[in-house]
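Just so it is clear, none of the values below were taken in a lab; they were calculated from the coordinates. What you see is a predicted model; the values in this text were computed from it and never measured. As a convention, Cβ positions derive from the backbone with ideal geometry for all residues, glycine included, and neighbour counts pool all protein chains shown.
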Amino acid sequence: MGLMGVLKKIVLFPVYVVSWLYHFIREKNTFSIRMRLSLRYTVILTLALSVCGVGFIATYSLNSVYSAVSSNHTDFFNLINTKSPAYPAIEEFAQTHSAPVVVYDLNENVQFASDPAYAQYGYQNPAGIVHDEHGLWLAVNRQTVIDGAFVRVLIYTNITEIAAQTVYVARLIVSIFVPVLLVALILVIAAGGGIFEPIRNMTRTVKHISERNLTLRLNVSGSKNELKELALTFNEMMNRIEDQYNRQKQFVSDASHELRTPIAVIQGYVSMLDRWGKNDQEVLQESIAAIKNEADNMNELIDKLLFLARHDNNTFELQKEEFSMTEMLSEIVKETQIIDPSHRFAFDINTELSICGDKNRLKQALRIFIDNAIKYTPAHGEIAIKLGKENRYITVSIKDTGIGMTEEDLKYIFDRFYRSDKSRTKEKGGHGLGLAIAKIIILGHKGKIKVRSRVGEGSEFIIMLEQGVVSDAAGE
Ligand code: ADP
């Protein structure tokens, strides 16, 4: 057993060294991924080499032991089968083969011992290792018949030489493996440099990306691998951020532009008042009315800007509840008729339909469509509002006989600050934010908006909303 322990220690020595190094370095924690990977590969290589080495040494030593033992046994059994009486011949065998023989009866009592010293080691079954001043012995127990009696024979084979050779081979293997492993570690670390170069390049590029340099992108040339995947994903993210950033910039610039007009008008009236209006009742009245109008206008614009600044299609939060669409439309109808007596209205909203959604927001959106129909339809024109159902959708159609829109206009009317050329010149024209807001609200409800329009004939907006169920009432 002592020898096996020594053998084990010699063979596993490189594994101990590398695993100690590995843990030592891991604890330091400041090592790069490259170093960690290199160490991991080296540990794997060490284990593989150790398994090979142990396998080789075990095969070599077991094979040698087996040949020595079986050669002794073959000679011994040839002898007892041919010689009678057998014991003198066994005595001679023990001398010539340097293989002490001890014979036991079936009750394990010593019958014969070529060298009494070996009888003291007792009855080994089926085999045992004995160490004395002559070296290392392997005793193998076999049952047989000697001179007509059943006995058990223990033949001691000297394996000192084999053990020494095994230790020599083990040392040889270790002395080859350790330098091989060290060279492998160095090579693995050196080879790792190339692998991590793209990561270093990425870090360099990312460091340079700032709000003034949003167009920079990672290099995605080269073969397809996990890093390329990461670079592509990063670039896609940067595209989205850049797009959002540009839109935000555009929004701020458009918003400032929109606010400039009412402020300029107010300033104009204030200077006019300052110069001539203090005592002129008419100028005074006109200026107050104009300033009030512009202030209202600005108020409305700022409300819309705030809505757009706070919400977009993804961050819009709803307070959902189940309510009657029919009732809500009736409220809007009443309010509209009071505000606008100059148009003819046709309502078809009697079908009782309820929906799960944010009542206030949906009312706000529908008002936008109806206000537009009023704004862009000349006096006495007809505006038809119809509530209906189409498959799983509730539909609200707002149809006017107004100025209509060109196909080109239809592409952009939902963009922020877009106004068609006609509405731009129109006195009542808004800021081009209404439909952008309505779109956020309707899409926030997973609804759809369809538009049909023809210049000079009128337009129809159809809002389609899923009926929904109360249970998904939490804001999405
Ligand atoms: P605005 O406040 O200018 O009305 P919107 O976002 O509500 O802004 O509408 C954007 C543009 O779409 C309007 O300027 C107008 O050109 C066009 N538009 C919207 N609704 C109608 C309609 N019912 N008839 C004709 N044009 C319309």
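How large is ³J(HN,Hα) for each residue in the stretch 262-276, as worked out from phi by the Karplus curve 6.51 cos²θ - 1.76 cosθ + 1.60 (θ = phi - 60°), to whole Hz, x for Gly and Pro?
x, 5, 4, 5, 4, 4, x, 5, 4, 5, 5, 4, 4, 7, 10
Ordered by residue, what ³J(HN,Hα) values in Hz, to whole numbers, does the stretch 133-148 give under the Karplus form 6.51 cos²θ - 1.76 cosθ + 1.60, where θ = phi - 60° and Gly and Pro are x?
Going residue by residue, I get 5, 8, x, 9, 10, 10, 9, 10, 9, 9, 8, 7, 10, 10, 6, x Hz, with x marking Gly and Pro.
Listed highest first by mean packing, meaning other Cβ atoms within 10 Å per residue, what order do 59-71, 278-290 come in?
On the way: 59-71: 14.1, 278-290: 12.5.
My ranking of the peptides, most packed first, is 59-71, 278-290.
Once you place label points 7 Å from the Cα toward the Cβ at THR261 and ALA295, how far apart are they in nm?
With each label placed 7 Å out from Cα toward Cβ, I get 2.1 nm.
Which one of ILE370, PRO341, PHE307 has its Cα pushed farthest toward the positive end of the charge dipole of the stretch 215-373, where Lys and Arg give +1 and Asp and Glu give -1 at the Cβ?
The Cα lying farthest towards the positive end belongs to PHE307.
Taking amide H atoms as placed 1.01 Å from N in the peptide plane, list the residues 5 or more away in sequence, or in a different chain, whose amide H sits under 5 Å from that of PHE345.
Amide H neighbours of PHE345: ILE383.
Quick one: divide the alpha-carbon radius of gyration of the chain by 2.2 N^0.38 Å and tell me what you get. Could you put the intermediate results ahead of the total?
Details: Rg = 49.0 Å, N = 476, 2.2 N^0.38 = 22.9 Å.
In units of the globular-protein estimate, the chain measures up at 2.14.
Less than 12 Å apart at the alpha-carbon level, and either on another chain or at least 8 residues along: which aspartates and glutamates does that give for LYS249?
Hits, sequence-local ones excluded: GLU211.
Taking the Cα centre of the chain as origin and charging only Cβ (+1 Lys, Arg; -1 Asp, Glu), how large is the dipole, in debye to the nearest 20?
On the way: 52 positive and 54 negative charges, 250 e Å.
Roughly 1200 debye, rounded to the nearest 20.
Would you kindly derive the ³J(HN,Hα) couplings of the stretch 230-240 from the backbone phi angles with the Karplus curve 6.51 cos²θ - 1.76 cosθ + 1.60 (θ = phi - 60°), listing them in order in whole Hz, with x for Gly and Pro?
Once rounded to whole Hz, the list reads 4, 4, 5, 5, 4, 4, 4, 4, 5, 4, 5.
Could you calculate the contour length gain from LYS278 to ARG171, that is, 0.36 nm times the residue separation minus the distance between their Cα atoms, to one decimal place in nm? Numbers along the way, then the final one.
Details: separation 107, 0.36 × 107 = 38.52 nm, distance 11.25 nm.
Answer, rounded to one decimal: 27.3 nm.
About the Cα centre of the stretch 30-166, how large is the charge dipole given +1 on each Lys and Arg Cβ and -1 on each Asp and Glu Cβ? Please answer in debye to the nearest 20. Please report the intermediate quantities before stating the final value.
Numbers: 6 positive and 10 negative charges, 226 e Å.
Computed charge dipole of the stretch 30-166: roughly 1080 debye.
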